[in-house]
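Notes follow once the structure below has been shown.
The values are calculated or read from the model by the stated rules, or taken from the named source; none is laboratory data. Keep in mind the model is a prediction, meaning the values are calculated, not measured. Here Cβ is always computed from backbone atoms with ideal geometry, including for glycine, and neighbour counts include all displayed protein chains. Remember, those area values only see protein heavy atoms, side chains included, never the ligands or the DNA or RNA. Shrake-Rupley method; radii C 1.70, N 1.55, O 1.52, S 1.80 Å.
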Amino acid sequence: MSVSAATDSQKDTKPASKKTAQLPDHDIFLLDERDDEQVRQVREKIRAFNTEHVEPIINDYWERAEFPFELIKPLAALNIAGGTITGNGCPGLSVRASAAVSVELARCDGSINTFFGVHSGLAMGSINMLGNAQQRARFLPAMARLERIGAFALTEPEHGSDSVALETSARREGDNWVLNGAKRWIGNASYANIVIIYARDEADGQVKAFVLEREPGTEFPAGFAPTVITGKVGKRAILQPDIVIKDLVIPEANRLEHCNSFKDVNKVLNATRAGVAFESLGHAISVYEDAVKYTANRVQFGKPIASFQLVQNKLANLLAEVSAIKLYVDRILELQESGQMTGTMASLAKMYCSRTALQVASTARDLLGGNGLLLENHVARHLTDMEVVYTYEGTDHMQSLIVGRAITGISAFA
């Protein structure tokens, strides 16, 4: 039996209705009414960018597992790279406007959101938080214009959840550092111009951050060899390589001055981890809206499947779950704005929002039946992308252990 036969049980008795019902917005608690003009403007211009540039091409790039470089120029024109960073050509967006960027990019596609999040949040964020004034002035302006693309090299083949145990080494030799080791799952790094490499100082054992530079159109320096990972089932349009680092020479001027331990690395991770909740909201909104539209127009047994009790029950639960994520995000934004945000709060938000959004995407896929497996209906792409979101920036289990440590005062991991 075919997939569509198995899921629909029998053929349509008549064509799907062309009439679209007036359906309620996902924002049932009217949280968007709190948004100021900057947030509304950011949201509108990203939606226009998505409609004009991303939606027409993303499925093809996703299926081919290629990155759509043609999107970089129109994305740069939005003037959003750097988010809340002020000065050095960065936009200085409000906390809420910066969050809206992640929500809206993810609402269209997860790969593009990850590309941007790695560049704007992790790479530019590392330079802004851990670099000195001269380093910020040197690197950030071109990155804000997307003339230099950034990558963030922390994760290693043997150290994902325990990234604190990273083994990539750095040895001081005069005015240079020599790096050796390996990195894995490093988004953008196969074509980046700025790669933030975290390595452990052989002298004092502390983690330090180094900036690898590559001029556009040139090869990577000797000692840096990226190989794009293939065979992924999610986030297929973002290129993530394995990297072999062998006797890579980085000048002392490219060591970020204010990174002297893993606690400093955590400043960057804690600042970006809540962004996973924002991305989760974007994916959840998208698949919920797709499910509502599909069930209103998919006719089986002579009427739209949205008229059946089981379908309405699922839609109601989807709305409840999307609303819960949105409420989480709204409170996280309040805490960020007031300076009260903690790492435990970020971990709880990442854990709950990514887990719930994955469930939302799975249920939405189910509501589309066999058609939910097709890229043209978008839900399958969001579902597999959410599998990635559920894992990266700290797995669900690791986030639960961070929260568990805060609850009990006992660490379940080293």
Here the qualifying pairs (Cβ atoms under 7 Å; residues six or more apart or on different chains; first in region 337-361 and surrounded by 20 or more Cβ atoms within 10 Å (Cβ to Cβ); second polar (S, T, N, Q) and assigned to a helix (DSSP H, G or I)) come out as ALA346/ASN270; SER347/GLN399; LYS350/GLN399; MET351/GLN399; MET351/SER400; CYS353/SER280; SER354/SER280; ALA357/SER280
Flagged in region 102-155 as acidic (Asp, Glu) and over 15 Å from the mean Cα position of the chain (by Cα), in numbering order, are GLU147
Which of the residues belonging to region 378-403 are among the acidic types (Asp, Glu) and open to solvent by less than 40 Å² (accessible area, probe 1.4 Å)?
ASP385, ASP396
Mind checking whether some residue in region 304-323 is under 17 Å from ALA99 (Cβ atoms) and in contact with a Ser or Thr (Cβ under 9 Å, 6 or more places away or on another chain)?
yes
Test set (1) surrounded by fewer than 20 Cβ atoms within 10 Å (Cβ to Cβ); (2) among the charged types (D, E, K, R); (3) under 18 Å from the mean Cα position of the chain (by Cα) - ASP366 fails condition number
(3)
Hey, TYR390 hits all of (1) of a type in the set (Ser, Thr, Tyr); (2) in contact with an Asp or Glu (Cβ under 9 Å, 6 or more places away or on another chain); (3) at pLDDT 95 or above but one; which does it fall short on?
(3)
In region 261-278, anything within 9 Å of the chain's Cα centre (by Cα) and of a type outside the set (A, V, I, L, M, F, W, C) is listed as GLY275
Can PHE308 be described as in contact (Cβ under 8 Å) with a residue 24 or more places away in the chain and open to solvent by 10 Å² or more (accessible area, probe 1.4 Å)?
no
Would a scan of region 296-305 turn up a residue that is open to solvent by 50 Å² or more (accessible area, probe 1.4 Å) and of a type in the set (S, T, N, Q)?
no
The residue that is surrounded by the fewest Cβ atoms within 10 Å (Cβ to Cβ), considering only those in region 37-69 that are farther than 30 Å from PRO241 by Cβ and among the hydrophobic types (A, V, I, L, M, F, W, C), is ALA48
Kindly indicate whether ALA277 is open to solvent by less than 20 Å² (accessible area, probe 1.4 Å), among the hydrophobic types (A, V, I, L, M, F, W, C) and either in contact with a Phe, Trp or Tyr (Cβ under 7 Å, 6 or more places away or on another chain) or free of Cβ contacts under 8 Å to residues at least 40 places away in the same chain (or both).
yes
Step by step: first the residues of region 124-153, then only those that are assigned to a helix (DSSP H, G or I) and out of contact with any helix residue (DSSP H, G or I) (no Cβ under 7 Å at 6 or more places or on another chain), then the one that is most open to solvent (accessible area, probe 1.4 Å). Which residue is that?
GLN134
Do the conditions hold for ALA284, that is, is it part of a helix (DSSP H, G or I), surrounded by fewer than 23 Cβ atoms within 10 Å (Cβ to Cβ) and in the same structural domain as GLN336 (by the TED database)?
no
How many residues, within region 80-119, are in contact with a Cys (Cβ under 9 Å, 6 or more places away or on another chain) and either part of a helix (DSSP H, G or I) or under 24 Å from PRO56 (Cα atoms) (or both)?
1
